[in-house]
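The values are calculated or read from the model by the stated rules, or taken from the named source; none is laboratory data. Please read all numbers here as calculations on a predicted model, not as lab measurements. Backbone-built Cβ (ideal geometry, glycine too); neighbour counts: all protein chains shown.
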Amino acid sequence: MTSAVQLAAKALRTALWIGAIVTLAIALVGGAIGYSLVGEMGIWSALVGSAVAFAFMGITAGSILIGQNASGGTIASGLFFGIVLGSWLLKFVFFLVVAFAIRNSDSLDTEIAFSCVIAAVIGALASDVIAVSKARVPIVDMV
């Protein structure tokens, strides 16, 4: 019998795969649009923006999966919450570093990079909704 925790983990892995596909598509479309607007700098801007958005999505889902494994499948443990909250702190620091690096970069177009980040975040949210809605995770786990 598959537990609710295992089903939730499967939903997270599915969301990561769908998110990766959506992010790749956004990188390709954003790169094409960026190239048509500003040349090669537009391609790199779209790739960096999409990669940053995927990294944020991966850190979130990865920390939940790692937290579930580390806590033995019990999400109501201090270890689980420590791992997830620690990853959110890591994401916050990563965001600040990347935001300042992109803003001060002469080799990236900030508008294209930002547009790809926003599009990839929306795509990641949609992939989460699709994966979770199809997961059929029970509300009550069988003991």
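Filter the stretch 23-58 down to residues that are of a type in the set (Phe, Trp, Tyr) and closer than 16 Å to Asp106 by Cβ, then give me how many there are.
Summing the residues that are of a type in the set (Phe, Trp, Tyr) and closer than 16 Å to Asp106 by Cβ in the stretch 23-58 gives 1.
Might you let me know whether the stretch 94-109 holds any residue that is over 13 Å from the mean Cα position of the chain (by Cα), under 17 Å from Gly31 (Cα atoms) and free of Cβ contacts under 8 Å to residues at least 60 places away in the same chain?
Within the stretch 94-109 (the criterion being over 13 Å from the mean Cα position of the chain (by Cα), under 17 Å from Gly31 (Cα atoms) and free of Cβ contacts under 8 Å to residues at least 60 places away in the same chain), the answer is yes, since at least one residue qualifies.
For the stretch 1-34, how many residues meet the condition of being closer than 19 Å to Ile59 by Cα, among the hydroxyl-bearing types (Ser, Thr, Tyr) and either in contact with a strand residue (DSSP E or B) (Cβ under 7 Å, 6 or more places away or on another chain) or surrounded by fewer than 14 Cβ atoms within 10 Å (Cβ to Cβ) (or both)?
0
Taking interchain pairs and intrachain pairs at least six residues apart, which have beta carbon atoms under 9 angstrom, with the first residue in the stretch 112-126 and touching a residue at least 12 places away in the same chain (Cβ under 8 Å) and over 26 Å from Glu40 (Cβ atoms) and the second buried (at least 21 other Cβ atoms within 10 Å of the Cβ) and not aliphatic (A, V, I, L, M)?
Ala124/Gly19; Ala124/Thr23; Ala124/Phe54; Ala126/Gly19
Would you kindly identify the helices (runs of 4 or more DSSP H) lying entirely within the stretch 35-143 that contain at least 1 residues that are among the aliphatic types (A, V, I, L, M), surrounded by 16 or more Cβ atoms within 10 Å (Cβ to Cβ) and in contact with a Lys or Arg (Cβ under 9 Å, 6 or more places away or on another chain)?
Per the criteria, 40-70, 110-133.
Could you tell me whether the stretch 94-116 includes any residue that is closer than 19 Å to Ala9 by Cβ and either of a type in the set (D, E, K, R) or modelled with pLDDT of 90 or more (or both)?
Scanning the stretch 94-116, I find no residue that is closer than 19 Å to Ala9 by Cβ and either of a type in the set (D, E, K, R) or modelled with pLDDT of 90 or more (or both), so the answer is no.
Name every residue in the stretch 34-75 that is hydrophobic (A, V, I, L, M, F, W, C) and either over 26 Å from Leu96 (Cα atoms) or touching a Phe, Trp or Tyr at 6+ places or on another chain (Cβ under 6 Å) (or both), in order of residue number.
Once the filter is applied, which keeps residues that are hydrophobic (A, V, I, L, M, F, W, C) and either over 26 Å from Leu96 (Cα atoms) or touching a Phe, Trp or Tyr at 6+ places or on another chain (Cβ under 6 Å) (or both), the stretch 34-75 yields Leu37, Ile43, Ala70, Ile75.
Kindly list, by first and then second residue, each pair from a residue in the stretch 60-81 that is on the phi < 0 side of the Ramachandran plot and charged (D, E, K, R) to a residue that is outside any helix (DSSP H, G or I) and modelled with pLDDT of 85 or more, limited to pairs with Cβ atoms under 9 Å and residues at least 6 apart or on different chains.
Taking only residues 6 or more apart or on different chains, not a single pair turns up.
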